[in-house]
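Okay, structure first, notes after.
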Amino acid sequence: MTRLIDELVDGLEPAPSRPALAVFGPPLAVASLVPFALTVVVLGFRADMASAIVGIPFWVKLAAPALVAGAAGLALARLSRPGRGAGSGLMIAALTMLVLLAAGLASLIAVPEGLRLQALIGSSLVKCLISISLFAVPFLIAGFWALRRMAPVRPHLAGFALGLVAGGLSAAVYALSCGEDALAFIASWYQLGILIISAAAALIAPRILRW
């Protein structure tokens, strides 16, 4: 029995006592270089950036996903250690997404009936979902690498929180090149991309975070 216990604990290291920000921050910052580079080299910044930055839609596309990522990051920090719940981070992220969805639906109602479908679908729906998903991959890799150094005991929930962080950050980066400004488009497809990433991260987390 003693030998079995020794084999089980062999190679295990205590979870870092440093603040979670110090564990997750550097790898996520390094990971951000990949989607930024893809934006500069492949997608390019939106052509009307000078005029876009003085409009509300551009900042909504940046701020809403960033707020989701930040709130989910608070939950991830708590879930990365045993004995702690998600706190209010996931609720703040959910409320942010619901408020944006409600605003998107309200804006769609205000659009003339014949133009509502165009406002909702836009002209880059597929590109949006693919880009946000691909941009999230470096963030997920970095986040899981950091999370494996911690001690999460609820892998599904921790993975979901990490997915919200990765999806929110990737959506915010993609906003720099996206020319869609309809609030209904942002509320629908940006957030769908974030949720797809979060669901995928929740599903794979138990395999990656297996002790």
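The values are calculated or read from the model by the stated rules, or taken from the named source; none is laboratory data. All values reported here derive from a predicted model rather than from experimental measurement. Note that each Cβ is placed from the backbone with ideal geometry, even for glycine, and that neighbours are counted across all protein chains shown.
Among the residues making up region 147-187, those that are surrounded by fewer than 22 Cβ atoms within 10 Å (Cβ to Cβ) and either in a helix (DSSP H, G or I) or free of Cβ contacts under 8 Å to residues at least 40 places away in the same chain (or both) are Pro155, His156, Leu157.
Annotation: Lys127 fulfils all but one of (1) buried (at least 18 other Cβ atoms within 10 Å of the Cβ); (2) on the phi < 0 side of the Ramachandran plot; the unmet one is (1). Considering region 190-207, the residues that are of a type outside the set (Ser, Thr, Tyr) and in contact with a Leu (Cβ under 6 Å, 6 or more places away or on another chain) include one that is nearest to Ala106 (Cα to Cα), namely Gly193. Just one of the numbered conditions (1) crowded, with 20+ Cβ neighbours inside 10 Å; (2) out of contact with any Ser or Thr (no Cβ under 8 Å at 6 or more places or on another chain); (3) modelled with pLDDT of 95 or more is not true of Val99: (1). Is there a residue in region 20-29 that is within 18 Å of Leu209 (Cβ to Cβ), modelled with pLDDT of 90 or more and among the aliphatic types (A, V, I, L, M)? Looking for residues that are within 18 Å of Leu209 (Cβ to Cβ), modelled with pLDDT of 90 or more and among the aliphatic types (A, V, I, L, M), one finds at least one in region 20-29, hence yes.
Of all residues in region 50-77, exactly one satisfies the criterion of being exposed (fewer than 13 other Cβ atoms within 10 Å of the Cβ) and either in contact (Cβ under 8 Å) with a residue 60 or more places away in the chain or in contact with an Asp or Glu (Cβ under 6 Å, 6 or more places away or on another chain) (or both), namely Gly55.
Here is a yes/no grid of residues against (1) at pLDDT below 95; (2) small (Gly, Ala, Ser); (3) in contact with a His (Cβ under 8 Å, 6 or more places away or on another chain):
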position: Ala66; (1), (2), (3): no, yes, no
position: Ala69; (1), (2), (3): no, yes, no
position: Ala77; (1), (2), (3): yes, yes, no
position: Gly87; (1), (2), (3): yes, yes, no
position: Met91; (1), (2), (3): no, no, no
position: Ala94; (1), (2), (3): no, yes, no
position: Ser107; (1), (2), (3): yes, yes, no
position: Leu115; (1), (2), (3): yes, no, no
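Does Ser80 qualify as being small (Gly, Ala, Ser) and surrounded by fewer than 22 Cβ atoms within 10 Å (Cβ to Cβ)? So Ser80 fails the test.
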